[in-house]
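Report on the following structure.
The values are calculated or read from the model by the stated rules, or taken from the named source; none is laboratory data. Owing to the predicted nature of the structure, the values given are computational and were not obtained by experimental measurement. Because the Cβ atoms are built from the backbone with ideal geometry, glycine has one as well, and the counts that use them run over all protein chains shown. Surface accessibility is based on the protein's heavy atoms, side chains included, excluding ligands, DNA and RNA. Shrake-Rupley method; radii C 1.70, N 1.55, O 1.52, S 1.80 Å.
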Amino acid sequence: MTTTTLDTLGLGATATITGTSGDDAALLRAMGLREGAVITVRRVEPCIVSAGHARVGLSTVLTPTIEVAVTA
Amino acid sequence: MERSKSCGDADHNPANMARPVVALVGQPNVGKTTLFNALCGLRSQTANIPGTTVDARTGTCSDARVIDLPGTWGLDLNQPEAEAVRDCLGGHRGATFTPDVLVIVLDAANLARSLHLAVQVLSSGMPCVAALNMIDVAQRRGLQIDPSKLASWLGCEVIPTSARSRQGVDELRATFSRAKESTATLPDSTDPSGTSDWVDGVIRESIPTPPPADQDRFGDRLDAAFTHPLLGIVIFLAVMGGVFWTIFEFAGIPMDLIELIFGHVGGWLAAVLPDGAVKDLIVDGIVGGLAGTVVFLPQILILFFLISLLEDTGYLARAAFVMDRVLRKFGLPGQAFVPMLSAHACAIPAIMSARLVPDRRDRLAVILVAPFLSCAARLPVYVLLIGILFAEQPVLAGLVFVGAYVLAIMAALLSALLARRTLIKGAARPMVLELPAYQWPSLRSAILTCWDRGWLFIRKAGTVILGMVIVLWWLSTYPKPPEPVQATNTDTSIVAQDDAAPINPMAWSFAGRIGQGVQPIFEPLGWDWQLSVGVMTSFAAREVFVSTMAVLVAGGDDTDDPQVLKRIATARRDDGQPMFTAASAASLLVFFVLAMQCLPTLAVTAREAGGWKWAALQFGWMSGVAWFAAWITWLIVTWSGG
């Protein structure tokens, strides 16, 4: 399992969040993008991920602050 | 938690005060407001939470007073909404906003995420019940939730609800009187990993069958189109074009009707009241002022109705996401596109719709620059001045018309950029937005939103606007010029007045005198005193300029008469020179594109931005920019031989 950041993932990739950093880390966690959450990349540019049945759109400023472990 | 009910109470009705205060707490997009509407319907209003910049809706149902607290992702976040909810739960925002019972609104389709906020709310030690909302959506997705298991983990009653279809709403209402403090053993809400473990346990037991993966292929395809960098913008422009076409197509008839009704009321009052100052005040000041305010209502209602429908479908979140990349360069968030587009119809609903922007600094920037954009009221002035400048050159006239719009947009965006780098410093909050599932909009919610926004406009802005319009009417009406007197053989002292030119009432009024007094300020722009008076009176509303000029230089106020417009275009100064040269008309056009000349807009800015200092700043900045740009224009056109 390789660890990287969300901005490097391609369309359809599934990964588990291993950490969030930056000023908006608390907000991201509260929105469901917390450690252990499994996410799927639904769109790369602009970035849309699904976590469970929720879909979250993220500014490209934020995607490098989300560390993930790629699972598929 | 120390709680007091001493201040900031907005509801003094004794019958209502006896009812318990129930607050709805939840994350955004969990159907909290729909649940509030199902509980209270029209018996509600929007109110500012005292001491904050955040609004909440308050209402009554048969059993309780209900507050729809702003949606927040977590109570521990450093955001205005989270702070307001924390304060209300702590009893620091007055009796109206101090709840006796909390309804935790959970999203049944995204339960795990909702539970993190639920832990924080349950830990407050207040009586709670939980509404497991959007249960129908969860069931359609194959999620089977056991409410009794969930209730034992939360330590409070759990009522499955679907606010859109009113399912479970009555059962929820019945729990208000028996709500109790949570009896569960809760994790420490400040320990993220402990809370996550607890949430995992709740999900395992409450949803015994693992939920199926998100298979919304239709949603994927719509997202691919709506958030595409190019196609997304084209779709967005088409949708907003449709919105404004609808506003222009359908607002015209009720607006004409409002003007007709007020015209008849004014005419009837003019006929029955005796001549004098009181009649002038009632007919021209109050009825005229009310007509000028209420006439905006159809535009406001239609705009908010359509915005509510778009928001409900889930499209608006996608559009904000697409526009974010464009507007972010100017320090504005993606959500700013709705107010900025609305401002091309009228700045008043535009400023009111800035409430869609979640961050206060972002919202403030939008409010301050939205009136730069060319609203419909500027059109008559554009038509007059461009007609003077390019009477025989329709293509050039069209280009200048487009140029006026482009100039306004550039002024708004650059002003926003400047504001975000100086006055409202701080990086714009990076966009992170939940994209709600696509669904059919709720007509009921749209109608209730219309009602709420319309009433807010009438109740708050209407009173202030009316007062200001009456003051401006007084300034432009009084003092009245002396009546011309017929000379007689026995009164030789007034014979001289027989030969004097008739005094123009507008020029004689306080506003006219102020216009003449400030004429030196406008002289560098190439304007004489008559143009200065026209500009001064148009600070009430831009379209007044044309009628003022008609009265001042054309001897009539029928601005639909081509002869009157022609007389304005060919009017001369006191020294015999043409009033409108290419340079003076161009500088006047640029001034009207950029200047803040709308008292109602200033009143709404003060209300929405949270103080008159923002309205004063807006007025000062826009007037300064307008004067400077008009001066540069006059210099350039004069030097180029215009």
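Here is how the numbers come out for the structure above:
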item: Förster radius 51 Å - calculated FRET efficiency between B:Phe248 and B:Asp146, Cβ distance, rounded to 0.05; result: 0.45
item: Summed buried accessible surface, chains A and B, 1.4 Å probe, nearest 100 Å²; result: 2500 Å²
item: Probe 1.4 Å, accessible area per residue of region A:3-70, Å²; result: 35 Å²
item: Separation in nanometres of the label points that stand 7 Å from Cα toward Cβ, at B:Ile632 and B:Phe510; result: 3.6 nm
item: Nonlocal amide H pairs with A:Val68, under 5 Å, H built at 1.01 Å; result: A:Thr4, A:Thr5, A:Leu6, A:Thr18
item: Furthest towards positive pole of dipole, B:Pro339, B:Ala511, B:Trp198, structure part chain B, Cβ charges; result: B:Trp198
item: Total charge dipole magnitude, chain B, about the Cα centre, Cβ charges on Lys, Arg, Asp, Glu only, Debye to nearest 20; result: 1000 debye
item: Listed residue pairs exceeding 31 Å between alpha carbons, taken from B:Lys32/B:Lys613; B:Lys566/B:Lys613; B:Lys32/B:Lys180; result: B:Lys32/B:Lys613; B:Lys566/B:Lys613
item: For residues of A:36-43, the mean tally of beta carbons on other chains within 10 Å; result: 3
item: Per principal axis, descending, Cα span of the protein assembly as shown in whole Å; result: 107, 60, 40
item: Nearest 10 degrees, 0 to 90: helix B:360-369 Cα axis against chain B principal axis; result: 20 degrees
item: Estimated FRET transfer efficiency (B:Leu269, B:Ser640; beta-carbon r; R0 41 Å; 0.05); result: 0.20
item: Per residue, the convex hull volume that the Cα atoms of region A:3-70 enclose (Å³); result: 67 Å³
item: Centroid-to-centroid separation of region B:359-375 and region B:271-319 [C-alpha atoms, Å]; result: 21 Å
item: Inter-site label distance for B:Val406 and B:Leu237 at 7 Å from Cα along Cβ, in nm; result: 1.4 nm
item: Relative contact order (%) - criterion: Cα under 8 Å, at least six apart; region: region B:14-206; result: 21 percent
item: In Å, descending, principal axis extents of the Cα set of region B:220-269; result: 60, 16, 12
item: Signed unit charges on C-beta, dipole axis of the protein assembly as shown, positive-most listed residue B:Gly155, B:Leu69, B:Ala108; result: B:Gly155
item: Mean separation of Cα contacts under 8 Å (6+ apart) over length of chain B, as relative contact order %; result: 10 percent
item: Two-decimal Rg/Rh across chain B, once Rg and the Kirkwood Rh are taken from alpha-carbon atoms; result: 1.06
item: Beta bridges by DSSP in chain B, antiparallel share as percent, to the nearest 5; result: 45 percent
item: Mean shadow area of region B:14-206 over all directions, Cα convex hull, nm²; result: 10.0 nm²
item: FRET E, pair B:Asp170, B:Asp55, Förster distance 41 Å, beta-carbon r, rounded to 0.05; result: 0.90
item: Neighbour net charge for B:Gly59 - beta-carbon separation under 9 angstrom, K R +1, D E -1; result: +2
item: 12 Å beta-carbon shell around B:Ala595, net charge (K/R +1, D/E -1); result: +2
item: Segment B:Arg444-B:Lys566, length gained on full extension (0.36 nm per residue, minus Cα span); result: 38.9 nm
item: Estimated distance in nm for a label pair at B:Arg221 and A:Thr2, the labels positioned 7 Å out from Cα along Cα-to-Cβ; result: 3.3 nm
item: Leading residue at positive end of dipole, the protein assembly as shown (Cβ point charges), from B:Leu132, B:Val383, B:Leu423; result: B:Leu132
